[in-house]
Amino acid sequence: MRDPFPSAESPAKAPTMSPRCSPPSFSSRRPRWSPRRSTLYLVALAALAATALVVPPALLLDPSTALFDPSPGPPQLTLVEHDDPDGPPHADAACLDGRCSRYSFDAAAPPLRPAWMSRLPDSTPLTALSIPGTHDTMTYGLARDARLRCQNWDLAAQLDAGLRYLDVRARLRDDELRVYHADRDTGFGLADVLLAAFAFLDANPSEAIVMRLKQEGPPVGANNTVSFEQAFVRYRDRDPRTAPGAARHLHPYDGGAPLPALGALRSSIFLLQDFAGPEAGPYGLGWDGPQMALEDMWVIPDIYHLADKWIAIRSAFERAVTDPLDNTRLYLAHISASVGVLPIDAAAGPRNRSVTGMNDMTAQWLLDFDGNPDLKPRVGVVIFDFPGRRAIDAVIAWNKVPRHRGRPRAP
């Protein structure tokens, strides 16, 4: 097989390139971008950042002035309607807080995708699926904390938009599991997450959700009488709010069995267990264990080191599309990054557009390599901050619907 990934210099490693020049080639296929779109594969120099024009906010998706709003409501989405060469790179980019991206922010724009898995055969292994998802799923309520906010749509909207991987991080507080990002309570509990997911699956039984449940830190406060695991088991088995839905929708994990196929997971949540569970576990596939191929390079010193993050993402995709389809590993790639960069800047690029965001880089890679006959049709779980509808669709498109007698299989 020919090498589908000819070596190409990372966009950030091309100091002689201007911000409008053609991108490096990632494939022998004819590129599907125009010269105007070529900036998606480029990262300019720091010197350019000092002179770059600041893009004004064409739209504030969440104008809330509260530090925390647990129910901010659906953003009123307006697309950029001009084609100014000094403005956003695409006439139909969506914008949030001055950052504009064609592949970010408008996840819940129509058409919605509440039942996209219905087209796929029951026999499709979980490990062969390409699944869009969100990192720190429940942070949309942190309206003014740019360090910790990673999403701008609520959970119901994310699910209707086609996102099927949820990243839920909890801490024990007063014997309840509260959803946190680092040291900040998002305003939601695990019960809120489960009830929203159960309601979605009741309405869309063809779908499956993969959910990471992480113990984000030690217990909070002095009023805890149970462990993290014991609290989880209570939600699953005894809590009158969640136990009935859990009986219907939490997939019973069997660590001795092969990873399940889609048919066994429909109308279910498949748990990725990222917490200690020696008493009655395991409750799901162990996080970062031997059955998981994980990319999670999240500490980025500054925006100009996003080139290193892109190399990690691209390497994860290349592994997913070249490894055998043998149902031995679940592939996950985090498109998100933080610490030295704001999550929104890593996703969509900064206001001055000196660096291309990871959502744009990722979506362009997915679009360019989709349908390549030399590759396996599988990129795994692709985990975004602030995803846009085109990025979601670019992931879903990798799930190929079998054809029968020249016609697509009916949903």
- request: Give me the pairs, please: first residue somewhere in the stretch 306-321 and closer than 20 Å to Ile131 by Cα, second residue anywhere and among the hydroxyl-bearing types (Ser, Thr, Tyr) and surrounded by 16 or more Cβ atoms within 10 Å (Cβ to Cβ), beta-carbon distance under 6 Å, and either six or more positions apart or on two chains.
  value: Ala320/Tyr331
message: Suppose we keep only residues that are closer than 22 Å to Tyr140 by Cα and acidic (Asp, Glu) within the stretch 358-387. Which one would you say is surrounded by the most Cβ atoms within 10 Å (Cβ to Cβ)?
response: Asp385
- line: Of the residues in the stretch 323-374, those that are among the hydrophobic types (A, V, I, L, M, F, W, C), in contact (Cβ under 8 Å) with a residue 60 or more places away in the chain and touching a Ser or Thr at 6+ places or on another chain (Cβ under 7 Å) come to Leu330, Ile335, Ala347, Ala348, Phe369
- request: Counting only residues that are under 20 Å from Arg164 (Cα atoms) and touching a Phe, Trp or Tyr at 6+ places or on another chain (Cβ under 6 Å), give me the strands (runs of 3 or more DSSP E) lying completely in the stretch 258-339 with at least 1 of them.
  value: 268-274, 292-295
message: Tell me whether the stretch 230-243 contains one or more residues that are crowded, with 19+ Cβ neighbours inside 10 Å, in contact (Cβ under 8 Å) with a residue 60 or more places away in the chain and out of contact with any His (no Cβ under 8 Å at 6 or more places or on another chain).
response: no
- request: State whether one or more residues within the stretch 137-152 are part of a loop (DSSP other than H, G, I, E, B), farther than 22 Å from Met297 by Cβ and among the charged types (D, E, K, R).
  value: yes
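Taking the stretch 342-357 on its own, how many of its residues are of a type in the set (A, V, I, L, M) and surrounded by fewer than 24 Cβ atoms within 10 Å (Cβ to Cβ)?
1
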message: I'm checking my understanding of the structure. Among residues of the stretch 110-138 that are of a type in the set (S, T, N, Q) and over 13 Å from the mean Cα position of the chain (by Cα), which one is surrounded by the most Cβ atoms within 10 Å (Cβ to Cβ)?
response: Thr127
- request: Provide a single number: the residues in the stretch 153-182 that are surrounded by 24 or more Cβ atoms within 10 Å (Cβ to Cβ) and in a helix (DSSP H, G or I).
  value: 2
First in the stretch 273-298 and within 20 Å of Pro219 (Cα to Cα), second anywhere and of a type in the set (Lys, Arg) and at pLDDT 95 or above, Cβ under 7 Å, 6 or more apart: Asp274/Arg212; Asp274/Lys214; Phe275/Lys214
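Table: residues versus (1) free of Cβ contacts under 8 Å to residues at least 60 places away in the same chain; (2) under 30 Å from Thr328 (Cβ atoms); (3) charged (D, E, K, R).
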position	(1), (2), (3)
Pro132	no, yes, no
His135	no, yes, no
Leu142	no, no, no
Gly162	no, yes, no
Ala191	yes, no, no
Ala197	no, yes, no
Ala203	no, no, no
Lys214	no, yes, yes
Gly221	yes, no, no
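The values are calculated or read from the model by the stated rules, or taken from the named source; none is laboratory data. Only a predicted model underlies this, so the values are computations on that prediction, with no experimental measurement involved. Please note: Cβ atoms are built from the backbone with ideal geometry, for glycine as well, and neighbour counts cover all protein chains shown.
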